[in-house]
Structures are given as C-alpha cells and as structure tokens.
1. Multiplying the sequence separation of Val205 and Ser114 by 0.36 nm and subtracting their Cα-Cα distance, what value in nm do you get?
2. Mind grabbing the base-10 log of I(q)/I(0) for the chain at q = 0.07, 0.13, 0.17 Å⁻¹? Debye formula, identical points on the C-alpha positions, no solvent, two decimal places.
3. At each listed q (0.12, 0.20, 0.22, 0.24 Å⁻¹), what is the log10 of I(q)/I(0) that the Debye formula gives for the range 35-145 modelled as equal alpha-carbon point scatterers?
4. Counting only helical runs of four or more DSSP H residues, what would the 222 nm mean residue ellipticity of the chain come to if each run contributes -39,500 (n - 2.57) and the total is spread over all its residues?
5. Tell me, what is the percent relative contact order of the chain, built from C-alpha pairs under 8 Å that lie six or more residues apart?
6. Which ³J(HN,Hα) values, rounded to whole Hz and listed in residue order, are derived for the range 31-46 from phi using the Karplus coefficients 6.51, -1.76 and 1.60 in 6.51 cos²θ - 1.76 cosθ + 1.60 with θ = phi - 60°, glycine and proline given as x?
7. Would you mind checking which residues have amide H under 5 Å from Val213's amide H? H placed 1.01 Å from N; only 5 or more apart, or other chain.
8. Only four residue types carry charge here, +1 at the Cβ of Lys and Arg and -1 at the Cβ of Asp and Glu. Report the dipole size of the chain about the Cα centre in Debye, rounded to the nearest 20.
Amino acid sequence: MSSHRPAPAYGRTHPPAPAPDRRPGWVRVVRAPFDLAARIHRPGRPDRIVDEAIRRAQIARTSIGLLAGCWLVLSYPLREGAGGVVENKFTEVLISAGLLLVIGPLALAAFVLSARPPGPAFYRARLRGPATAIGSLLATVLVMSYGLPYASMIGPFGALAGLFVLPFALASAVLCVHHAFRTADVHEVLPPLLSPVLVWSLLVVQLFDDAPVSAPLAVRVLFLLAPPLSVTALSAWELRRLRVRYGITLRLALGRVT
C-alpha cells in the first residue's frame, strides 16, 4: 500500500554509523549506565527519517527552556532550598515518564488499530522498539522499588549496583520522555503528536503544585504555559515539515488518502 512506502529520498538523512569508541576505560565505565539507557531508548529503525533542522530546533527549545529556568531561579527568592528545587524537577521527570507510560501504549494501540489494512500488520512489526523501551522502564521501576533495598544489605556489591542503577534510571526517565518511547520506530508522525499531549497533561499536574520561587503571578503563569505552548508549536512545525519536505502526513500513515 502506498501509504506505507518509505518517504522520498530528497532531503532525507539516515542515522550516522557509530564511530569507534576511543574513550579511556574509566570514561566508558562512568558513562556505561547512560550509554545503555541511550541504546535502549533512542529510536533504532534504520530507515527512519532524521531531519537535522528538526533536531536542531528541539535542542534549541530545550536549551532556551533550561536557560529560562536558571534565570527564574536566580532572579527570584526560592520558596525552598536548592535541593528542594532539584528534587521537584526530578519528580517532574518521573511524573512525565509515568504519564507517558500510560499515554504511549494507548496512542500506539489507537494508531495501529486505526490504520487501514495492511497497515496494522505493517506497524505491529515495528513495535519491538517501543516495547523494549516500555519494558525497560517498567523493569527499572521494579528494580528501584524492590531490588535496591535488598541490594543495600549485601555490602559492596549492593553499593556498586546502586551506582549503576540510579544514573541509568534517571537517564532512562529523561530519554524515554524525549524520544516518546521510541514511537518514531513505528512512524515519524507519532513523536510530534504525542509530545503536546504529554506536556499539557503535565501542566494539569503542575497546577496542583506550588511554584518553586516567589515570583509575580504573571511570571509564574508565563513559565507554566511556555513549555506546553512551545512544544505544541514545535510539534506543529515538525508535522508541517514532514508533510512539505517528505510527503508524510497522519492520513497517509493511516492509509486514509484515497
């Protein structure tokens, strides 16, 4: 079916081949949990479209958001200590991962079931990547909840396990949100469709939480609305770029263009 053919070749780039690892041994050991999380949660479909303009726009939005957050914390008095602010941000990451753990499978199921034949079978064959990411996150939650408390009782081995699991869990939570559970492995339109749903859902959760700084109401509202609005705008632009540059649309992905 034409809706499931690869996109035109013009303007398309594929993931570059990994360069040989020439880092010192101790660097590889320190980075091991982060590298493992990246291998699990980054999309891996070799024929997916990797658009450099989209990637740069995502990096720019994240960088601006980080700088704006730093400015907010430095410009207004904290309502709690710096440790509390960091803990709140870490909690937001975990909440985002938890929301995605619910939204992601539902969205994937709706997408696959909404496609016209042979779309469902075609997309089911691509679910291995998202299933790996979801299973890894669930396994990490179980290890953090039940494995680490017992590991701490067995001495040095437990401490070493914690030194690996904790950074792996944090990296997994961040990357699974950033890559939307590898839904790009199923189709390129899924991440920009899922991201706005995730950030607006997180906004609802944040409405019931106190702001970390004693800033004017207008500033707090701006920093509350800016993330979902910017993510939504970026996702709309990404969908438009996929349509204009590569001929990819949601209707085409679902086989509903006659």
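Read-outs throughout are calculated quantities, based only on the coordinates presented, and are distinct from any laboratory measurement. Remember, it's a predicted structure, so these values are computed and weren't measured experimentally. Here the Cβ is made from the backbone with ideal geometry for all residues, glycine too, and neighbour counts use every protein chain on show.
1. Here the answer is 29.8 nm.
2. So the normalised log intensities are -0.29, -0.98, -1.41.
3. -0.66, -1.27, -1.33, -1.36
4. Computed mean residue ellipticity for the chain: -22500 deg cm²/dmol.
5. Values: 230 pairs, mean separation 93.6, N = 258.
Relative contact order comes out at 36 percent.
6. 7, 3, x, 6, 5, 5, 4, 5, 5, 7, 9, 7, x, x, 5, x
7. It is Arg79, by chain and number.
8. Details: 27 positive and 13 negative charges, 233 e Å.
Rounded to the nearest 20 debye, it is 1120 debye.
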